[in-house]
Amino acid sequence: MSAVDLSSDAGLVAMVLLTVNILLGLLLSARYNTVRNWPHRRLPIFDIHNWTAYIALGLVFLHPILLLCSKTAGFGIGDILFPIHSPKQTLYNCFGAVAFYCVVFVVVTSYFRFRLGSRLWKKLHYVAYAAAAFLFVHGILIDPELKNQPPDPLDGEKVLVETCALLIIAATIWRIRYQPKKRALKASVRKIDYEIASQ
């Protein structure tokens, strides 16, 4: 197995972990109760959410570093940190670099969330969606062998990336649809409380 293959595999595992991480984050933001709802037992969602982020961050670092070990890829440290001049698939590597910097930003700001305050941290945490978007575009368009071949949307790796992207889109739509119902319920409770208090 070559360094390019290992790099590709590390990127795919990082993408799956980040997908799981975002899905868990959406459950946390919806205050999903695992005791009341499926699987009807207590699960440490917050801890799993944190650990998937840390492991994915390690793999996100490893993904481009492995390219330095390849004799055929031709990447240097500058090409990894600032891939605008990378030797192969420059635009797609730039998408990957933006995703990398977004993931680092989200994890670092999450580490300091208590100092930042809940309101600011939540706004900064939306960068996770940008990270996911750039990650999926990078994963779908790039040739895993770095030979500038056009993407095959039915290739196994590409299907995995597409599936992860669709899961995030569907879960985000669910979360957006779930939120208004919750707000409407709170508003109706307040209205009833107000009517009872005014009698």
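Among the candidates Phe114, Phe105, Phe95, the residue that is surrounded by fewer than 18 Cβ atoms within 10 Å (Cβ to Cβ) and either more than 17 Å from Ala53 (Cα to Cα) or modelled with pLDDT under 95 (or both) is uniquely Phe114.
Among residues of the range 26-52 that are over 28 Å from Val108 (Cβ atoms), those with a beta-carbon under 8 Å from a residue that is hydrophobic (A, V, I, L, M, F, W, C) and exposed (fewer than 13 other Cβ atoms within 10 Å of the Cβ) at least six positions away or on a different chain give the pairs Arg41/Val35; Arg42/Val35. Filtered by the rule that a residue be more than 15 Å from Asn148 (Cβ to Cβ) and exposed (fewer than 14 other Cβ atoms within 10 Å of the Cβ), the range 72-87 gives Gly76, Ile77, Gly78, Leu81, Phe82, Ile84, His85.
Within the range 1-47, the set of residues being surrounded by fewer than 14 Cβ atoms within 10 Å (Cβ to Cβ) and in a helix (DSSP H, G or I) comprises Asp5, Leu28, Ser29, Phe46, Asp47. What residue, among those in the range 147-167 that are in contact with a Phe, Trp or Tyr (Cβ under 9 Å, 6 or more places away or on another chain) and of a type in the set (A, V, I, L, M), is farthest from Tyr92 (Cα to Cα)? So the residue we want is Ala165. A search for C-beta distances below 7 Å between a residue of the range 91-103 that is closer than 13 Å to Ile80 by Cα and any residue that is in a helix (DSSP H, G or I) and aliphatic (A, V, I, L, M), counting only pairs 6+ apart in sequence or on different chains, returns Tyr92/Leu141; Cys94/Ile84; Phe95/Val137; Ala99/Ala131; Ala99/Leu135; Phe100/Val60. Within the range 65-77, being of a type outside the set (Gly, Ala, Ser) and in a loop (DSSP other than H, G, I, E, B) holds for Lys71, Thr72, Phe75. Kindly evaluate His85 against the criterion of being modelled with pLDDT under 95 and more than 16 Å from Ser7 (Cβ to Cβ). The answer is yes for His85. Condition check: touching a residue at least 24 places away in the same chain (Cβ under 8 Å) and aliphatic (A, V, I, L, M). Does Val4 satisfy that? Yes, satisfied.
Given Leu120, Leu62, which one is on the phi < 0 side of the Ramachandran plot, surrounded by 13 or more Cβ atoms within 10 Å (Cβ to Cβ), modelled with pLDDT of 95 or more and not in a loop (DSSP other than H, G, I, E, B)?
On the way: Leu120 fails: surrounded by 13 or more Cβ atoms within 10 Å (Cβ to Cβ).
Exactly one of Leu120, Leu62 is on the phi < 0 side of the Ramachandran plot, surrounded by 13 or more Cβ atoms within 10 Å (Cβ to Cβ), modelled with pLDDT of 95 or more and not in a loop (DSSP other than H, G, I, E, B), namely Leu62.
The values are calculated or read from the model by the stated rules, or taken from the named source; none is laboratory data. Predicted, not measured: the structure shown is a model, and the values here were computed from it. Methodologically, a virtual Cβ is constructed for each residue, glycine included, from the backbone with ideal geometry; neighbour enumeration extends over all protein chains shown.
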